[in-house]
1. Just one of [x] 0.95; [y] 0.98; [z] 1.01 is Rg/Rh (Cα atoms, Kirkwood Rh) calculated from these coordinates, so which is it?
2. Within 10 Å of each residue's Cβ, count the other Cβ atoms and sort 11, 61 from fewest upward.
3. What residue among 252, 273, 15 has the largest mean-square fluctuation in a Gaussian network model of the chain, using Cα springs under 10 Å?
4. Say each of residue 51 and residue 260 gets a label point 7 Å from the Cα, pointing the same way as Cα to Cβ; how far apart are those two points in nm?
5. From the Cα gyration tensor of region 1-129, with a ≥ b ≥ c the square roots of its eigenvalues, which class applies: rounded if a/c is under 1.5, or else prolate if a/b is larger than b/c, or else oblate?
6. Rank these for me by crowding, 125, 93, 230, going from fewest to most other beta carbons within 10 Å.
7. Please give the Cα centre distance for region 8-44 versus region 156-206, rounded to the nearest Å.
8. GNM on the chain, C-alpha springs below 10 Å: top fluctuator among 256, 118, 109?
């Protein structure tokens, strides 16, 4: 489906949901039951991110942090009603202006999950190389295909592509991450070293991705890194065991569900709703409230 057609169709569905009062009814549920809305962004525009936060504030939601979730899990805080957790994956260079500055101005806690290799080296994210290679006719397989093969095979293909393509920096710099980490509303978390599909890694690769990203970030910001987001949402019990061993306290998947008193017990596999940067606010309202995932007409992958 072409993006323009997809966006038109999704906007119509979201508009109908709003007009029929589905969102209002869901909001009553969210405000009166012990439910946390867990949402994540990648690289939204400043206007889209602001619009989402303003909408949540206008409708009475309370913003909580990853540390609040840990405290709730440990019984130090009561489980809230009408609460929202905001997280951001990858560490795109646009996040500083489009997300961090807005969160800081609006006093909204945000956890930024950083992929360390692009930050340190200045290279692009691996899927950007694949997408550019496809545009130039150098490679004809999709990023989705590369997510399904063993990591060592994926790296061979990527190294070949990178020998032919040069991309500009896409991530925050080391100095920017250090600067951002000192803001009162921002928590830095780990998103691996190179953003592989962890389930497709062997044991050594998976452990390296989880441990070294923590080591690098802690060395930079001089703070404990206790939160983690699985690239593409993929993980196994192996990854959970590594996280526990390394001292992480919480981890997030991309399973589109609310955080509830029941599933908060799976603190190394907490769910999140994806909020898109290239769709209508109406659709993102449906996504933030969880209504969109009742429709199940569209599936989005990064």
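1. Among [x] 0.95; [y] 0.98; [z] 1.01, the one derived from this structure is [x].
2. Values: 11 15, 61 22.
Arranged by neighbour count, lowest to highest, 11, 61 become 11, 61.
3. 15
4. It is 3.1 nm.
5. Values: a/c = 2.07, a/b = 1.13, b/c = 1.83.
Oblate, because a/c is 1.5 or more while a/b does not exceed b/c.
6. On the way: 125 20, 93 17, 230 25.
Placing the least packed residue first, the sequence is 93, 125, 230.
7. 31 Å
8. 256
Throughout, read-outs are computed from the coordinates displayed, never taken from laboratory work. Here the structure is a predicted model, which is why all the values come from computation and not from measurement. Here the Cβ is made from the backbone with ideal geometry for all residues, glycine too, and neighbour counts use every protein chain on show.
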